[in-house]
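As structure tokens, the structure follows; a few thoughts come after it.
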Amino acid sequence: MVMNDKVQPRARAEASVPSPRRRFLKDAASVAGGAGLLALGAGMYARQASALPATAIRPPGALAEDDFLAACVRCGLCVRDCPYKTLKLAELGDGVVTGTPYFEARDIPCEMCEDIPCVLACPTGALDRSLTDIGKAKMGLAVLIDQENCLNFLGLRCDVCYRVCPVIDKAITLERMHNPRSDRHAMLLPTVHSEYCTGCGKCEKGCVLPGESAIKVLPIKLAQGSKAEHYLRGWEEKKAAGQSLIGDQVELPVRGLEDKAYGDTRVKPGEGPQGPEYRPASPGAGGLDSGWKP
Amino acid sequence: MSARTTTGGVPERQVPPTSVRGAAQRGVVARPGREAVEAKGWLRAHKWLLLRRTSQLGILALFLAGPWLGWWLVKGNLSSSLTLGVLPLTDPFLLAQQLAAGHWPYREALLGAGIVLAFYLLLGGRLFCAWVCPVNLVTDAAAWLRRRLGLKGGKAAAANTRYWLLGFVLLAAAATGSLAWEWVNPVSMFHRGLIFGFGLAWGIVGGIFLYDLLIAPRGWCGHLCPQGAFYALLGRAALVRVAADKRSACNDCMDCFAVCPEPQVIRPALKGVGQDHPLILDADCTTCGRCVDVCGKDVFRISTRFNRSES
């Protein structure tokens, strides 16, 4: 038989060895062990290195990170079709899984192309084509992270992050607040709304601060707390039901404010429980003036 | 020189002095292929090597023409690419990992992998290793330097380690639910690095060079690379094969064994060990054609698996 012809030379060679089967098992075990160790090392390294740095943002339509790492073949076709050179492939040592696409908003933000070419370029579905409206992208969530240096929080009218936002007045609004420092001005605080923010990073890029920006796009997981499902928001429940769920509330009188409408606690100097002679204490000589005015 | 041996078509069984065996007898560093250069001329003695380098560098140039010159004939890299905006090509090894990791890709990737799969199934799996893979340039350089420096020995893993590793690569993909091997895969990393930028990936490429040079002869491509193992499995019924059809002319100079990246595949065909025909059917053969080049007796030629004739 042909089979016998093939086998014979090997069989002859192994005849001198005590037990060919035992030797084969031993060889196979050591080879498999070595290969297994190598693969195990690669696998563990993969698990350990899979955490994405907070400033690295995935392209629009990217699957959740775990699924993304199963789907992305690191071909860079999304990078090639990005007209603004926003996307780049991670190099070994970048902190992002090597070969996968990402961008850094402070560097080049996403311009939110209407036809989303990066998503169309992806051959594997790591970027999900069910995203057809770039306004629905959730690449991350902008957070005004440094309120100490944000110019608007200092009472100035910078507003740049608000002005450059492609979803202006929805994703970022300016909320007017009283400025307690000057006591006579308003502060217009840029406020991000997660429902509309796509995480494009134009605000982070636009922030006028010289180095790091005060507003940053972060992964949604880092930027957003989970909703307190057990806490019923009374005002929402009341709106939905058309009436208060706990019935009308008992109105209790407030001492000194008996003649005012319920809930109106505003007092003029000389009014209030202390009587007409009362004056607030002024900082005495040697006392510390915090500068705070109520 | 006594290397000139062909007289009237009757080969002399004299071992050339610069060949592996001749040099061993004289105790000097061998220069395999020198006899072939003298017999056939430099060009013919490097024909397949030159064709192969042209193929490797040409494919690389197609990928680089876009980012370097703005000629976007081919986009992407060997993992997945798009040629002229219409032809998708995807590495089936990556697709296999992806399926193991539990992701079913879009039609483009499936179609692209199907085309590549069909090509290598038909023509020869490890044609990829010898004619396309950029790591071959690195390991060939290491092997060349090893020969020139006369470095002998070393400790290579068993040659079937790669098949075990291939199994574990797919297992690791399934276990971690991600393309775990692509974190370290030097093949895709080197090609991607050339096109998109390296970072620290130079370290891995340099590591392979040093491993092949100093520790294990042909250690990476011939013993460890699971991607090569994958393509070898594809090539079990491949059409294009090397035949030692003039094996009667062999003068036992051993040069082909010295240059062959998988020397174990030669013996059955050349010496008729375990088979009667002169075809190299072992799927580990990369069909690089280097044995054809370095043989001063023209023993080998590139043929098909159906041509079992001997001349």
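The values are calculated or read from the model by the stated rules, or taken from the named source; none is laboratory data. Remember, it's a predicted structure, so these values are computed and weren't measured experimentally. All Cβ positions, even for glycine, are placed from backbone atoms using ideal geometry, and neighbour counts span all protein chains on display. SASA here: full protein model, heavy atoms, side chains in, ligands and nucleic acids out. Shrake-Rupley method; radii C 1.70, N 1.55, O 1.52, S 1.80 Å.
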Rounded to the nearest 10 Å², the accessible area of A:Glu236 using a 1.4 Å probe with every protein chain kept is 90 Å²
Around B:Leu214 (Cβ within 11 Å, Cβ-to-Cβ, excluding B:Leu214; K/R +1, D/E -1) the net charge comes to +1
Which loop chymotrypsin sites (Phe, Trp or Tyr not before Pro) in segment A:177-242, with loop taken from DSSP, have no more than 10 other Cβ atoms within 10 angstrom of their Cβ? A:Tyr231
Per the helix-only model, chain B has a calculated mean residue ellipticity at 222 nm (DSSP H runs of ≥4, -39500 (n - 2.57) each, divided over all residues, rounded to the nearest 500) of -13500 deg cm²/dmol
Check the straight Cα-Cα distances from B:Lys47 and name the lysines below 17 Å, setting aside those fewer than 8 residues away within the same chain. B:Lys297
Considering every residue in B:166-177, what mean count of other chain Cβ atoms within 10 Å of its Cβ is obtained? 5
Total accessible surface hidden between B and A, rounded to 100 Å², 1.4 Å probe: 3600 Å²
Which whole number gives the average, over all residues in A:116-128, of C-beta atoms from other chains lying within 10 Å of the residue C-beta? 4
Heavy-atom SASA rank of B:Thr304, A:Thr173 (probe 1.4 Å, accessible area, largest first): B:Thr304, A:Thr173
Please identify the longest segment of chain B free of exposed GluC sites (Glu not before Pro), where exposed means a DSSP state other than H, G, I, E or B and no more than 15 other Cβ atoms within 10 Å. B:13-309
Using only the alpha-carbon atoms, how far is helix B:135-148 inclined from the longest principal axis of chain B? Give it as 0 to 90 degrees, nearest 10. 30 degrees
Where the accessible area of segment B:10-60 is counted over protein heavy atoms with a 1.4 Å probe, how much of it, in %, is carbon and sulfur? 61 percent
Taking the Cα atoms of the protein assembly as shown, what is the range of coordinates along each of the three principal axes, in descending order and whole Å? 132, 53, 50
Could you please state how large a percent of the accessible area of segment B:118-173 is carbon and sulfur, counting protein chains only and using a 1.4 Å probe? 75 percent
Roughly what angle does helix B:161-176 make with the longest principal axis of chain B, taking Cα atoms, 0 to 90 degrees, to the nearest 10? 0 degrees
Using only the Cα atoms of segment B:98-189, construct the convex hull and provide its projected area averaged over every direction, in square nanometres to one decimal. 7.7 nm²
Quick one: ranking B:Ser188, A:Ser30 by accessible area, 1.4 Å probe, largest first, what do you get? A:Ser30, B:Ser188
D_trans [Stokes-Einstein, Kirkwood Rh over alpha-carbon pairs] for segment B:37-143, 10 °C, 1.306 mPa s, µm² s⁻¹: 102 µm²/s
Length-normalised contact order for segment A:100-223 - Cα pairs under 8 Å, 6+ apart - percent: 34 percent
Mind checking which aspartates and glutamates have their Cα closer than 14 Å to the Cα of B:Lys40? Skip sequence neighbours fewer than 8 apart in that chain. B:Asp293, B:Asp298
Checking B:Leu89, B:Leu224, B:Leu110 against a Gaussian network model of chain B (alpha-carbon springs below 10 Å), the top fluctuating residue turns out to be B:Leu110
With a 1.4 Å probe and every protein chain left in place, work out the accessible area per residue of the protein assembly as shown in Å², rounded to a whole number. 53 Å²
Peptide B:191-201: average number of partner chain Cβ atoms within 10 Å per residue? 5
Taking all pairs of distinct Cα atoms, average 1/r, flip it, and tell me the Kirkwood hydrodynamic radius of chain B in Å to one decimal place. 20.6 Å
